[in-house]
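The values are calculated or read from the model by the stated rules, or taken from the named source; none is laboratory data. All of these numbers come straight from a predicted model, not from anything done at the bench. A quick note on method: Cβ atoms are made from the backbone with ideal geometry, for glycine too, and the neighbour counts reach across all protein chains shown.
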Amino acid sequence: MERTLSLIKPDGVARNLIGEVIKRFETAGIKIVAMKKLHLSRKQAEGFYAVHKERPFFNSLMEFMTSGPIVAMVLEGEDVIAHNRKLMGATNFKEAEEGTIRRDYATDIEKNVVHGSDAPETAAFEISYFFNSMEIVG
Ligand code: GDP
């Protein structure tokens, strides 16, 4: 069974959307096999988003991602990487399909409530960034 990393970003946690996001995963038949709440340091956020460090919005993204606590989860299911991306919707909420998390709750291209790994390699890196094998309960 495939696994992916999901984050509820600081805007989602601050706006009490943890339950709403989890409900969508559970309703879709996705299993949550690990979960924790944490507040990223600047270094931790930079390490997680290292692939974006040359992007013009990197500093703003770092400010946002360290602005408050997040919830990290490991999701498990068939094709869960693509399934989760579909539930999330496009990065830019204005382009996201109706009924997606970002279309329903994002307020800005940056403050888009959730993160989800985009490929098997990034999922493996991102899961291990937050969780060790003992913390994942299938
Ligand atoms: P994702 O995989 O859909 O999250 O999108 P990306 O990997 O392209 O970007 C990572 C995150 O950076 C997004 O989820 C947004 O929070 C933020 N982001 C992406 N594009 C922009 C942008 O043009 N401006 C700003 N301020 N933030 C952006």
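Odds and ends about this structure:
- Pro56 more than 10 Å from the ligand (Cβ to nearest atom) and exposed (fewer than 14 other Cβ atoms within 10 Å of the Cβ): no
- Scan of region 105-138 for residues that are of a type in the set (Phe, Trp, Tyr) and either in contact with a Gly (Cβ under 8 Å, 6 or more places away or on another chain) or more than 14 Å from the ligand (Cβ to nearest atom) (or both), ordered by number: Tyr105, Tyr129, Phe130, Phe131
- Single condition Tyr49 does not satisfy, out of (1) surrounded by 14 or more Cβ atoms within 10 Å (Cβ to Cβ); (2) in contact (Cβ under 8 Å) with a residue 40 or more places away in the chain: (2)
- Selection status of Arg102, surrounded by 14 or more Cβ atoms within 10 Å (Cβ to Cβ), of a type in the set (Lys, Arg) and either at pLDDT below 95 or within 15 Å of the ligand (Cβ to nearest atom) (or both): yes
- Pairing residues of region 63-84 that are closer than 15 Å to Gln44 by Cβ with residues that are aromatic (Phe, Trp, Tyr), at Cβ distances under 6 Å and at least 6 apart in sequence or on separate chains, gives Ala72/Phe130.
- Residue within region 75-98 that is within 8 Å of the ligand (Cβ to nearest atom), in contact with a Pro (Cβ under 9 Å, 6 or more places away or on another chain) and either within 16 Å of Leu7 (Cα to Cα) or not polar (S, T, N, Q) (or both) present: no
- Extreme residue, nearest to Lys9 (Cα to Cα), among residues of region 105-128 that are surrounded by fewer than 19 Cβ atoms within 10 Å (Cβ to Cβ) and of a type in the set (A, V, I, L, M): Ile109
- Any hit, region 27-40, residues being under 15 Å from the mean Cα position of the chain (by Cα), away from the ligand (no atom under 16 Å from the Cβ) and of a type in the set (Gly, Ala, Ser): yes
- In region 5-22, the condition of being touching a residue at least 60 places away in the same chain (Cβ under 8 Å), of a type in the set (D, E, K, R) and surrounded by 17 or more Cβ atoms within 10 Å (Cβ to Cβ) is met by at least one residue.
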